[in-house]
Amino acid sequence: MRGGYIRAMTLRDDVLKALDQVIDPVSGRTVVQQDMIQGLVVKDGHVGFVLEVAPDRGPESEPLRKICEAMVLGVKGVKSVTAVLTAHDDHPQARPEPAHDHHHHEPTPRPAVKRQAPPPQAGIPGVKHIIAVASGKGGVGKSTIAVNLALSLARLGLRVGLLDADIYGPSLPRLLGITEKPESDGHTLLPIVRHGIKTMSIGFLVKEDEAMIWRGPMVQSALTQMLSDVAWAPLDVLVLDMPPGTGDAQLTIAQRVPLKGAVIVSTPQDLALIDAKKGIAMFNKTQVPILGLVENMSMFTCPDCGSSHAIFGHGGARETAEKLGAPFLGEIPLVPRIRETSDAGTPVSVSAPDGPEAQAFLDLAKKVAAALETVSRPAPKIVIE
């Protein structure tokens, strides 16, 4: 009995440590430091708590609640999480009952807590599928993959949009050679069309160095605007070029946007694959299906002699995909032409459409398109109260 009690207390500490990683965007402090977590219950691996916010922050705090939930789901030993959002009012009976003795009792939320149902994930009207291209770390060529994947999906006859969701390091303007500003019809922003795809990036709207100093709420409102206030429709696929990494911003996007699936980009070497696994874990936590892994910068083909060299190793992503039970979507070679065309704003998929590089991206697009026809979001986790 004593062992079970110690295990529960240890798990409680681990849950609090995980919650202490979540930053409240308004205060800039963690939700634990802000005393926003109330009525934490940990029993047999099932966790429940209340996230308490100011009344005027009600619905807009839903992403924060989901981030808290996702962080706790990632704690070893946690089987389920019930996180309730309440807007604090002056009625003491609406708050969870405080614990009188922290050593012997878990506090229990009263049934009188004013529950705020999470809003359903609203899609974008007229957009059939939204997919994310993501990586666990920067520098793996994720944006180059996203651009060429979008262009290749368009070559397959799909109506495609490409949203640069990387607020701090937008690369779409450079990769597509776009310098003009988007126009507006008075209600929505009109995406800039390039090579037959609709595009939008924060880099079209602000100077490259301006967004670097934005705080969390500004980033979220910019993302929301680029999703809901842009004339995307009609589209078969909207490709989201995600920010690199697996932090709060990425978790929020994964939770807030009704993603049909995610494509994970990695390079062949072990360190990059560790980060790819983190990316897969994040999407698994947020119940977004993994469409598959892409190995970028795979084999270097010497332009002079034509021979191939595994500079970063080879086959790591395929092996990782097999181990994790995720589809392997293919290898993109490490060749000068991909870099040169990316730097020039003329992606290889349109500047050299008959070359082997464009063919590699087209094969990737065919696999992604096929996966979109079969994949569906899993049912929500069963939560035991």
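The values are calculated or read from the model by the stated rules, or taken from the named source; none is laboratory data. Just so it is clear, the model here is predicted, and its values are computed rather than measured. Don't worry about glycine lacking a Cβ; one is built from the backbone with ideal geometry, like all the others, and counts go over all protein chains shown. When the accessible area is computed, the model is the full protein with side chains, heavy atoms only, and any ligands, DNA or RNA have been set aside. Shrake-Rupley method; radii C 1.70, N 1.55, O 1.52, S 1.80 Å.
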Residues of segment 348-367 classified as open to solvent by 20 Å² or more (accessible area, probe 1.4 Å) and assigned to a loop (DSSP other than H, G, I, E, B), total: 2
Every residue from segment 136-172 that is among the basic types (Lys, Arg) and either surrounded by 24 or more Cβ atoms within 10 Å (Cβ to Cβ) or in contact with a Leu (Cβ under 6 Å, 6 or more places away or on another chain) (or both): Lys142, Arg159
Positions within segment 14-71 being of a type in the set (Gly, Ala, Ser) and closer than 17 Å to Lys285 by Cβ, in sequence order: Ala18, Gly45, Ala70
Residue check, Leu334 modelled with pLDDT of 75 or more and in contact with a helix residue (DSSP H, G or I) (Cβ under 7 Å, 6 or more places away or on another chain): no
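Among the residues of segment 173-193 satisfying the criterion of being assigned to a loop (DSSP other than H, G, I, E, B) and open to solvent by less than 30 Å² (accessible area, probe 1.4 Å), which is modelled with the lowest pLDDT? Outline the logic, then answer.
Step one: filter segment 173-193 for residues assigned to a loop (DSSP other than H, G, I, E, B), giving 176-183, 185-188, 190-191.
Filter again for open to solvent by less than 30 Å² (accessible area, probe 1.4 Å), leaving 176, 178, 182, 191.
Numbers: Leu176: 96, Ile178: 94, Pro182: 89, Pro191: 96.
Restricting to residues being assigned to a loop (DSSP other than H, G, I, E, B) and open to solvent by less than 30 Å² (accessible area, probe 1.4 Å), the top hit is Pro182.
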Total residues in segment 194-219, condition modelled with pLDDT under 65 and under 30 Å from Leu158 (Cα atoms): 0
Conditions (1) more than 18 Å from the chain's Cα centre (by Cα); (2) assigned to a loop (DSSP other than H, G, I, E, B); (3) at pLDDT below 85; (4) surrounded by fewer than 19 Cβ atoms within 10 Å (Cβ to Cβ); number of the one not met by Pro109: (4)
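Could you please let me know if Val53 is over 24 Å from the mean Cα position of the chain (by Cα) and over 24 Å from Ile253 (Cβ atoms)?
Details: over 24 Å from the mean Cα position of the chain (by Cα): yes; over 24 Å from Ile253 (Cβ atoms): no.
It is false that Val53 is over 24 Å from the mean Cα position of the chain (by Cα) and over 24 Å from Ile253 (Cβ atoms).
Considering only segment 310-327, I want to know if a residue exists there that is at pLDDT 90 or above and not acidic (Asp, Glu).
First, pick out the residues of segment 310-327 that are at pLDDT 90 or above: 327.
Now drop any that are not not acidic (Asp, Glu), which leaves 327.
Yes, there is a match, as at least one residue in segment 310-327 is at pLDDT 90 or above and not acidic (Asp, Glu).
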Residue check for Ile131: modelled with pLDDT of 95 or more, within 16 Å of Gln250 (Cα to Cα) and not polar (S, T, N, Q): yes
Residue that is modelled with the lowest pLDDT [pool: residues in segment 281-305 that are open to solvent by 10 Å² or more (accessible area, probe 1.4 Å) and of a type in the set (Val, Ile, Thr)]: Thr301
Hits in segment 26-49 (condition: open to solvent by 50 Å² or more (accessible area, probe 1.4 Å) and in contact (Cβ under 8 Å) with a residue 60 or more places away in the chain): Val26, Lys43
